[in-house]
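The values are calculated or read from the model by the stated rules, or taken from the named source; none is laboratory data. Not measured: the values here are computed from a predicted model. A quick note on method: Cβ atoms are made from the backbone with ideal geometry, for glycine too, and the neighbour counts reach across all protein chains shown.
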């Protein structure tokens, strides 16, 4: 494990040294936040105020903020883990792999070093965004989450970071050049907002598109985070009316359903665990082949 630890420290130092690379790994989340502050916040707030005339502006704004930050956190767990694999791509492009192959480092240790560094980077950046979200909601909306909710979100984020880091490792194993990796990162960063239902409420999409988003792990992960982050504001906005709460949850992707089947929390957790195991194994096989 000392070898893996040394590789992990090396990869983390290289990643955080490249400030531009760190910025671009957060590009998807930053784009969503800028769009939200400029357009989406006022648009969603105005729409909800007309639908809930008895609710105060502060209550509506608090709900919209929790919905938005849940999307940002969900996107960050994916894009930052992918961004950490720029080190793998650079090592391959500059033939540093040859140095590793002739050194007394097992290929499994090398693969584990790349994968763990991706998970750690995603965790650090996601926890940073989550902490900033809590501060924003406290000072702007006066919202304080319980310790149990914070712990649940941390668990979801950790599982998401692990699963999507494994998926990213498998995808990046097919990338040969830094230019191709930059293109992949840009595509992922710009499309995730739609796949996670963060730009537009999922309920506004056609049924086929809505079912597709809810069937994918990106949208399902964002749903789990929204459930923990937005539930207190949903209750405050709907005054405990079940029908209104159900409609609001379906519209904003706080609950996910594919057709008549509502996606349960246990199913999403099982999918993320399966992704972590399956794509770690596939990525390990792919990277070991490239090292040969």
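Does residue 208 satisfy the condition of being exposed (fewer than 14 other Cβ atoms within 10 Å of the Cβ) and either at positive phi or outside any helix (DSSP H, G or I) (or both)? So residue 208 does not fit the description; no. The listed residues are 111, 89, 22, 60, and the only one of them that is touching a helix residue (DSSP H, G or I) at 6+ places or on another chain (Cβ under 6 Å), under 29 Å from residue 200 (Cβ atoms) and in contact (Cβ under 8 Å) with a residue 12 or more places away in the chain turns out to be 60.
So that you can scan it fast, the table gives a plain yes or no per residue for (1) over 27 Å from residue 65 (Cα atoms); (2) out of contact with any strand residue (DSSP E or B) (no Cβ under 9 Å at 6 or more places or on another chain); (3) modelled with pLDDT of 90 or more:
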| position | (1), (2), (3) |
| --- | --- |
| 92 | yes, yes, no |
| 97 | yes, yes, no |
| 105 | yes, yes, no |
| 108 | yes, yes, no |
| 112 | yes, yes, no |
| 116 | yes, yes, yes |
| 123 | no, yes, yes |
| 127 | no, yes, yes |
| 134 | no, yes, yes |
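Return the residue satisfying two criteria in turn: it lies in the range 173-184 and is assigned to a helix (DSSP H, G or I) and in contact with a helix residue (DSSP H, G or I) (Cβ under 6 Å, 6 or more places away or on another chain), and of such residues it is nearest to residue 132 (Cα to Cα).
Filtering first and then ranking leaves 181.
Is it true that some residue in the range 16-25 is closer than 21 Å to residue 158 by Cα, surrounded by 20 or more Cβ atoms within 10 Å (Cβ to Cβ) and modelled with pLDDT under 85? Yes, there is a match, as at least one residue in the range 16-25 is closer than 21 Å to residue 158 by Cα, surrounded by 20 or more Cβ atoms within 10 Å (Cβ to Cβ) and modelled with pLDDT under 85. Given 192, 273, 184, which one is under 26 Å from residue 115 (Cβ atoms), surrounded by fewer than 15 Cβ atoms within 10 Å (Cβ to Cβ) and touching a residue at least 60 places away in the same chain (Cβ under 8 Å)? Answer to the check: 273.
If you check residue 199 against the conditions, is it surrounded by fewer than 21 Cβ atoms within 10 Å (Cβ to Cβ) and in contact with a helix residue (DSSP H, G or I) (Cβ under 7 Å, 6 or more places away or on another chain)?
Details: surrounded by fewer than 21 Cβ atoms within 10 Å (Cβ to Cβ): yes; in contact with a helix residue (DSSP H, G or I) (Cβ under 7 Å, 6 or more places away or on another chain): yes.
For residue 199, the condition - surrounded by fewer than 21 Cβ atoms within 10 Å (Cβ to Cβ) and in contact with a helix residue (DSSP H, G or I) (Cβ under 7 Å, 6 or more places away or on another chain) - is met.
Scanning the range 117-170 for residues that are crowded, with 17+ Cβ neighbours inside 10 Å and not in a helix (DSSP H, G or I) yields 143, 145. Evaluation of residue 5 against the conditions (1) touching a residue at least 12 places away in the same chain (Cβ under 8 Å); (2) surrounded by fewer than 20 Cβ atoms within 10 Å (Cβ to Cβ) shows that the sole unmet condition is (1). Has the range 65-80 got any residue that is in contact with a helix residue (DSSP H, G or I) (Cβ under 9 Å, 6 or more places away or on another chain), at pLDDT below 90, under 21 Å from residue 177 (Cβ atoms) and assigned to a helix (DSSP H, G or I)? Yes, the range 65-80 contains at least one residue that is in contact with a helix residue (DSSP H, G or I) (Cβ under 9 Å, 6 or more places away or on another chain), at pLDDT below 90, under 21 Å from residue 177 (Cβ atoms) and assigned to a helix (DSSP H, G or I).
Candidates are the residues of the range 218-255 that are surrounded by 24 or more Cβ atoms within 10 Å (Cβ to Cβ) and part of a loop (DSSP other than H, G, I, E, B); the one that is farthest from the chain's Cα centre (by Cα) is 252.
All conditions but one from (1) part of a loop (DSSP other than H, G, I, E, B); (2) within 28 Å of residue 245 (Cβ to Cβ); (3) in contact (Cβ under 8 Å) with a residue 40 or more places away in the chain apply to residue 105; the one that does not is (2).
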